[in-house]
1. Please list, by residue number, everything in region 56-76 whose backbone N is under 12 Å from a paramagnetic label point 7 Å out along Cα→Cβ of Arg45.
2. Return one number: the angle in degrees, 0 to 90 and rounded to the nearest 10, between the long axis of the Cα atoms of helix 75-91 and the longest principal axis of the Cα atoms of the chain.
3. How big is the dipole moment of the chain about its Cα centre under a simple scheme where the beta carbon of each Lys and Arg is +1, that of each Asp and Glu is -1, and everything else is neutral? Debye, nearest 20, please.
4. Volume per residue, Å³, of the convex hull around the alpha-carbon atoms of region 139-271?
5. Which part of region 592-607 falls in the paramagnetic zone of Glu635, meaning amide N under 16 Å from the point 7 Å along Cα-to-beta-carbon?
6. Can you sort Ile202, Ile408 by 1.4 Å-probe accessible area, starting with the largest?
7. Any chance you could run the full-extension gain for Ala126 through Lys293? It's 0.36 nm times the residue separation minus the Cα-Cα distance, nm to one decimal.
8. Just to be sure I understand: if I project the alpha-carbon convex hull of region 476-564 onto a plane and average over all orientations, what area do I get in nm²?
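The values are calculated or read from the model by the stated rules, or taken from the named source; none is laboratory data. Treat the numbers as computed from the prediction; the structure is a model and nothing was measured. Cβ atoms come from the backbone with ideal geometry, glycine included; neighbour counts cover every protein chain shown. Quick note on the areas: whole protein, heavy atoms, side chains included, nothing else; ligands and nucleic acids left out. Shrake-Rupley method; radii C 1.70, N 1.55, O 1.52, S 1.80 Å.
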Amino acid sequence: MVGLLLTVVAVLGRVEDPPKAEAWWDARVESSLDRAPARRAVWVRALEATPPDQRPGMAYLVTDLPEGDLDKLDPSALSTNVAIAYQARKAVPWGSALPEDVFLDGVLPHRTLTEPFDPMRSVYLAKYLPLVKECKTPGEAGLKVNAALFRDYKVTYNTRRLRTDQCSRESIAQGMATCTGLSIMLVEACRAVGVPARVAGIHSWPGRGGNHTWVEIWDAGRWHYVGAAEPDPNGLDHAWFGGDAATAIKDKPENAVFATSYRKTSDHFRMVWNRSARVNAENVTDRYTAKAKGPQPPRLMVEVLKGGERVVADVSAYDRSTGLAALVGKSLGPAADINLHLSGPVKPGDSFLVVARRDGQASCARATVQDDTVVRIDLDRTSPEDRAADLSAILKDRFGEDPAKRDIARKLLAEVPYDPATLALAWDAYKASPLHADMRKEFDAKTVKTKDRESPYLWRHVGEKPKDGWALVIAMHGGGNAPKRVNDSQWTGMFERYYKEHPEAGGYVYLALRAPNDSWNGFYDDAICPMVDRLIEQFVLFGEVNPDRVYTLGASHGGYGAFVIGTKTPDRFAAVHASASAPTEGETQGVNLLNTRFTFMVGEKDTAYGRAERCQAFAKQVEAWRAERGGYPGEFEWRPGVGHSVPDRDKVGEMLAFTREPRPKSLVWVQTDDVLKHFFWVEAPNPVDGGRVEVSIHENTIKLKAEKQDKLALWLDSKLVDLARPLTIEVDGGKTQTVTPRPSVETYCLGLEERGDPKLSAGVRVEIDLK
C-alpha cells in the first residue's frame, strides 16, 4: 500500500508550497531594497510585519532610507519609530488634521542630519505628551517643548561639546551642545509628540561668515522658525537670527537658508562639519528674505575671548573720527550662541577702536566696517602686534600739531588698555613729535633756551655707546661774577681739559654748559632748573641718552650750581657732585637728597665765603638725616691742607657707576621756589617757597604729610603700588581716602608732556585736595 502511494506521488510530481501573500509595498520600496541585497530578507520580514495603518509610513522611510541605515540599522528599530509616530499622531488634538505629506516628512523620520541613531523618541513621548495634550496647535506644543526640554535635561549651549552633530543622548550626557546639537534634540522631542519639525540653517552669514542651525515647526499651514533652547515669549518667527536670515542670498548656496527634508530633493543641506555628506534639503531663502525691510546698516559685532573661550566682558567701541562711544555693553559668554554677539548698527566705512575689559585685564582692536563685521578680542593678548600700527597712528595725532586730532586722540587714549607695549609706542610717538621742532633747532645749534634764559654748550662722545643709550655728564664751570671773557674761558677750559675722560666706565656724552649770564648766581637762581631740565630732554630726545644715567657736577661757581640744581631736582640725576663750593642758604635743601647720590669736596683752606665751614655743617646735617631716615647716599670729602683747587679731576669715572632710581617709595621735598611743580612722582600744582611734603608707600597704603600745600597729585605706576587693588591714602595721620586706580595711556602721555621723561611719567594720577 505504501509503495502504491509512493508510485502515485512519483507519477503526479512534487507537492507545491502554499502560495505566498502578495507584497503590499510598491516598486519604489523594491528598488530601495535592491541597494542592499544581503539584507533584503530582514527588511522584507519587517515590511510584512507592519500593521496596515502604519504601512504608508514604513514605505516612506524605506524608500529613501540612507544606505548606511539600509546596511546596518535594525529594521525593528525603524518599525518602532514608525509605531511611535502614529501613536503620537492619534494622541494629540492636531494629529488628524496634519496633511499627510507634512506628517511623513516632518514627524515620521527617524533621523535629522548625520547624528548617530540612538533614539529617545519613546522617552520623549512619555515625558512630554502630558505637557502638550491640551495644546490646540503643533506650534503651541512646539513652543512648550522648547521651553521645557533643555531645562529638564540641563543641556546648555557650549562650544566645548565633543561633536557638532550630536544626538540627544550625547548632548544630555555632556550637558552641552552647539546650535546643531540643540536643534537635533528639539526636532526629535517635537516629532516624538507629533509636532512636525525639521532643521534649518545657513552655512555662512553674508559678509561676516559664521554658520548657524535652528528649527522649523509646521503650524497653520506653513513652516515657522524658532531657536533651539531659545524660547521667545513672542512665539514663533521671533529669534535673534531673523534679521540675519533676511540678508541670505538665495542664489549663493553658501549664503542661502536650507531646510532639511527626508524625501529626495534636488539640493542638499550645507554642513560645515561634514562637507561630503548629503542630506536632502530645500532652499527656503525666499521665506526669510520676504521679511526684509530694505537695506539695513551694517553692524559692528564684538566677541571677547579668554583662554580660547567666549567670556562676558565690558565692551566699548569708540568712533575713530570723533573719539565718542558708538557701542557700549557686555559681550556674550559661552552659553550664548556663537553667532550671537554684542552688536549695533553703524555707518559703512566708519572705523572704531574697540576695547574689552574683564577682571583687570584689557585688550583692544581696530575695525573698519563695510558689511556686518565681527571683531574678536583676545584678553590673553593684551598687546597684539596687529594693533601697534593703529595705536601708533592715534599717538601720532596725540603729539601732533592739529588741535582737533589731538583732542580726539586724547579721548581714545583715555580708553586704550594700559600695558608696557603701548607705553613704548607712546614714548616713540612723543620723541617723533613735530612739537619738538624748536627744541631740535636748539640741539643742532648747541644751545638751550627757556622763556627767560639761554645758554650755549659744548659736547662730545666719550667711549662706545652702551646698549641702553649714552650717559650724559653735565659739567658746570667756575667764574660767575666776572667779565664775559673770563666766564667764556672757564667754560671752554671745563670742556677741553678740566675733567679726565673715563671711557672704561661706559660710553657717555660729556657736556660743558655755559652759565646763562655772568652774575654771581648764574648757575643757582630759581630759573636754572627748568633750563637744565630742557637740556636733559634735548639729549634724551635727540642724543640717544638714557634718562636714568644723567649726572651733573661742577667746581667753584659750577659747584654752587650743583648744590642747588642737585637738591632742587634730584629726580633728574643718578649722581651729583659739587667741588670747591658750598650750600646756598634758602636754596640748598639737602633733605631732598634722600634717594640721590650726592658728594661734595672742599679744601681745609678754602675759607672764602665760609665754604669749608658751611660744608662741614652741611655734612653734619646729612648725617643726622641719614640716622633719622636712612638713605642719603653719598659722602663728604674733606681735603686737609688744600685750598680752592681740589683734586676732583677723576670724579666723572666715579659717578658713572651709579644709576638713577626714579620711583623711590619714600620722599622728602622742601620747596625753595614757586616754579618747580614736580618732584619724582609727587606734583604740587601750586608750589610755595618753604612748602614741604613727606610721603611714603607701604604696599598699597600711602602716608602723606604736607605744609603750605593746597593740593597735591601723585603719579603712580606698578613699581610703586599694585594697580589692581584699591589705594589707601592717609593725610597727616588723620583723614583717609580710598582710591581705585585706573591706569590710562592718556595720563601717561600727559606725563610725558610735563616731564619729557618716560621714567618720571605714569599711568595713574591721583589728586588730593588738602584745603
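1. Zone members listed by number: 75-76.
2. 90 degrees
3. The calculation lands at about 660 debye.
4. Details: hull volume 15.4 nm³, N = 133.
Given the Cα convex hull of region 139-271, per-residue volume reads 116 Å³.
5. Only 597-603 fall inside the zone, counting backbone N under 16 Å.
6. Ile408, Ile202
7. 55.8 nm
8. Across all orientations, region 476-564 yields a mean hull projection of 5.8 nm².
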